[in-house]
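After the structure tokens below, expect a handful of questions from me.
The values are calculated or read from the model by the stated rules, or taken from the named source; none is laboratory data. This one's a predicted model, so the numbers in the text were calculated from it and none came from an experiment. As a convention, Cβ positions derive from the backbone with ideal geometry for all residues, glycine included, and neighbour counts pool all protein chains shown.
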Amino acid sequence: MHTDPQALCLVNGVPADLLPADDRGLAYGDGLFETVLVASGRATLLDRHLGRLQRGAERLKLDLDIPLIGREITEVAGQLGSGVLKLTVTRGSGPRGYRPPPSPVPLRIIQTGPTPDGVAAQRDGVRLFACETRLAQQPLLAGIKHLNRLEQVLARAEWQDGYHAEGLMCDTAGNLVEGTMSNIFLRMAQQWVTPDLSVCGIAGVMREYLIQALHDAGETVTIRHVAMDELQRCTELFCCNSVIGVWPVVAVGAEQWAVGAATRKAQNLAAQALG
């Protein structure tokens, strides 16, 4: 194993820093990825990450050894102690052209690094940038964390300041969908609403966890399409993912919110899963 767990890179379980030039993940984005927070030597929300990976693999018709991947992640997390682990899986090498090879050999990459700076500092509220880049509607790829992320790259390039912590994205029909790296929840009429992701967007594992945890805590969570102008009527707003937990949103453009008790409740539930 690599001697520095904070900068580890494994390719198919072996320390390496090179990839085949004919890898389909590089050529076509033909694969999936998961980003896992590691705390106290434990890969947090691992079952949910592996579950989403399995669903994505079924959608892309990738034959992955999920138990093996789970074991590798667990072993690396134990060495890392704390930080972030990124898993990337591709269909592997193949000839030029879109047609998948008849007997592909998937390639898996595990990389590790430190927890991003400033995550804890955002717990009292962040400002979101309203992105112009729109998400295309494609139900076949909706929800899964595939490697094609050019929409997010373009959206994230729209702001360079340190004032905004995250960007808010709509789809081509004008529906509010997600952040560039997070999911969103709106407080409406004493209930939580989170956008429907059946046509585009990533179904985050923290979103999945919070839908269940909030329900178990007596909250109502509704999944539906959300219009952008509903931001003007919501009383609380937060964004979330499996690394940052819950960030209360205090402003999007001219709209502003206080950090409410319901958001703090969600934040505490997220912290329990990531602690």
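Tell me the helices (runs of 4 or more DSSP H) entirely within region 1-119 that contain at least 1 residues that are outside the structural domain of Ile144 (by TED's automatic domain parsing), free of Cβ contacts under 8 Å to residues at least 12 places away in the same chain and closer than 26 Å to Val246 by Cβ.
Those helices (runs of 4 or more DSSP H) span 46-60.
Take the residues in region 156-178 that are touching a helix residue (DSSP H, G or I) at 6+ places or on another chain (Cβ under 9 Å) and of a type in the set (A, V, I, L, M); name whichever of them is nearest to Gly245 (Cα to Cα).
Ala165
Output the qualifying pairs, or none if there are none: Cβ atoms under 8 angstrom, residues six or more apart or on different chains, first residue in region 151-164 and farther than 22 Å from Gln138 by Cβ and assigned to a loop (DSSP other than H, G, I, E, B), second residue small (Gly, Ala, Ser) and at pLDDT 95 or above.
What qualifies is Trp159/Gly167.
To continue, here is another question. Could you list, in sequence order, all residues of region 191-227 that are surrounded by 14 or more Cβ atoms within 10 Å (Cβ to Cβ), assigned to a helix (DSSP H, G or I) and of a type outside the set (D, E, K, R)?
Val205, Met206, Tyr209, Leu210, Ile211, Ala213, Leu214
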